[in-house]
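Below is one structure, written out as structure tokens; the observations come after it.
The values are calculated or read from the model by the stated rules, or taken from the named source; none is laboratory data. No experiment lies behind these values; they were computed from the predicted model shown. Heads up, the Cβs are rebuilt from the backbone with ideal geometry, glycines too, and the neighbour counts pull from every protein chain shown.
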Amino acid sequence: MNDDYNQPHDQAKKCASEAFSRIDREGLPATPDMFELFYCYYSQANSEVVRSIDIMAAQKFELTIDRCRELHKRLLNSDKSKETLAKAEQIVGETLDDVGDMFDSVRSSNEGFSDSMDSINVNITSAVSEEQLKKLLANVMNETQKMVSENQTLEQKLEKSSSKMKQLKEEMEAVREQAYIDSLTGIANRKRFDLEVETLAADAKEKKQPLCAVFMDIDHFKSFNDAYGHQIGDQVLRLVARAFQESLKGKDFACRYGGEEFVVLLPNTPKEGAGKIANILRESVKSKEIRNRKTGEVLTRVTISAGVAEMKLDEEEIQGWIERADKALYQAKRKGRDCVVVTD
């Protein structure tokens with residue numbers, strides 16, 4: 001369970017009771033992942049979980065076990081992170097042990113080498129024959145060679161530890177990147193959006209350059225699921241994401257915002273240009289076909305509605321700007337869908 005669940009005892013009991021009741025009403029199995037998803041919903045520990053379930057409920061999507069597991073996997077599942085963290089702890093522990101052993105070995109070798117050199121130095125001052133000096137010189141060479149050998153061993157151990165830490169760094173970076181990718185569509189997720197929008201907004205204000213947000217929603221998405229099943233619905237989501245990836249360039253950023261809603265951020269783009277790009281994306285999606293993979297039959301075409309808002313750099317915070325783009329999206333839906341509304 002998430003460490004962020006820190007409700008008081010009475011509140012935790014209430015959330016748990018509501019979670020089990022909802023699981024029962026939806027006809028879902030009372031498994032740990034289902035419980036965590038709905039406990040998180042009722043405790044409001046994760047805003048994206050709350051938003052996603054509310055959207056599904058508002059659009060009368062059936063909360064099937066597959067959909068709930070997809071939500072849990074996308075928003076809450078940290079198995080990979082836990083696995084990597086456990087591996088990281090193991091590697092760090094092993095590396096620290098190795099380094100500790102290395103320091104002990106170096107300390108012991110240095111002390112032994114120092115004692116040997118002190119002894120040889122004393123003997124040199126008292127040596128009276130060439131034979132004695134030869135023996136002392138041989139001892140110096142032996143001790144030096146021993147020290148070189150031990151240093152080579154130490155270097156090999158350090159290289160091994162460095163390799164382990166490099167491997168750990170690569171795996172941690174991979175997990176971090178994976179945390180920002182929507183598992184279903186392969187594009188950025190809401191977590192990545194929250195980071196990206198802050199960065200792009202700050203950059204736009206600093207450079208005094210326009211920044212636009214395009215909120216997009218798949219039209220009649222519920223009908224896809226009702227008519228063809230959630231697997232076709234998932235195919236529709238992937239199709240839309242692929243259309244965005246094919247059409248956007250440069251620093252343009254696209255993400256799955258939640259459910260069937262997507263957002264595109266367009267840096268250094270005024271609202272007129274953003275409106276044109278939104279229409280290009282709309283036409284790109286509309287040109288795609290959803291086919292039955294077994295029969296090749298064309299099932300349907302997909303349309304999207306979009307709302308565009310340019311951030312008012314000197315007078316607007318991010319939240320207000322996002323809300324204006326979202327309202328423009330709903331205006332597009334009220335106009336009949338399959339269109340773009342650019343707000344002032």
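Could you go through region 82-90 and let me know if any residue there is modelled with pLDDT of 60 or more, outside the structural domain of His230 (by TED's automatic domain parsing) and surrounded by 12 or more Cβ atoms within 10 Å (Cβ to Cβ). If you could, list the steps in order and put the result at the bottom.
Pass one, region 82-90, residues modelled with pLDDT of 60 or more: 90.
Those still in the list that are outside the structural domain of His230 (by TED's automatic domain parsing) too: 90.
Right, trim to surrounded by 12 or more Cβ atoms within 10 Å (Cβ to Cβ) and you get 90.
There is at least one residue in region 82-90 that is modelled with pLDDT of 60 or more, outside the structural domain of His230 (by TED's automatic domain parsing) and surrounded by 12 or more Cβ atoms within 10 Å (Cβ to Cβ).
Can you find a residue that is surrounded by 16 or more Cβ atoms within 10 Å (Cβ to Cβ), touching a strand residue (DSSP E or B) at 6+ places or on another chain (Cβ under 8 Å) and over 19 Å from Ala204 (Cα atoms) anywhere in region 314-321? No. Looking at region 161-169, can you tell me whether even one residue there is more than 22 Å from Leu281 (Cβ to Cβ), among the basic types (Lys, Arg), surrounded by 13 or more Cβ atoms within 10 Å (Cβ to Cβ) and at pLDDT 85 or above? There is no residue in region 161-169 that is more than 22 Å from Leu281 (Cβ to Cβ), among the basic types (Lys, Arg), surrounded by 13 or more Cβ atoms within 10 Å (Cβ to Cβ) and at pLDDT 85 or above.
Can you name the residue in region 192-206 that is in contact (Cβ under 8 Å) with a residue 24 or more places away in the chain and of a type in the set (D, E, K, R) and, of all such residues, is farthest from Asp182 (Cα to Cα)? Talk me through it step by step, then tell me what you get.
Initially, region 192-206 is screened for residues in contact (Cβ under 8 Å) with a residue 24 or more places away in the chain, giving 192-193, 196-198, 200-201, 203-205.
Checking which are of a type in the set (D, E, K, R) leaves us with 192, 196, 198, 203, 205.
On the way: Arg192: 9, Glu196: 15, Glu198: 19, Asp203: 25, Lys205: 29 Å.
By that ranking, first place goes to Lys205.
The residue list Ile318, Ile304, Ile280, Ile322 contains one member that is in the same structural domain as Phe221 (by TED's automatic domain parsing), under 18 Å from Lys251 (Cβ atoms) and under 27 Å from the mean Cα position of the chain (by Cα), which is Ile318. What residue, among those in region 247-261 that are under 16 Å from Ile53 (Cα atoms) and modelled with pLDDT of 90 or more, is surrounded by the most Cβ atoms within 10 Å (Cβ to Cβ)? That would be Arg256. Consider region 215-226 and keep the residues that are in contact (Cβ under 8 Å) with a residue 24 or more places away in the chain and in a helix (DSSP H, G or I). The one that is surrounded by the fewest Cβ atoms within 10 Å (Cβ to Cβ) is Lys222. Among the residues of region 315-330, is there at least one that is closer than 17 Å to His220 by Cβ and of a type in the set (Phe, Trp, Tyr)? Yes: one or more hits.
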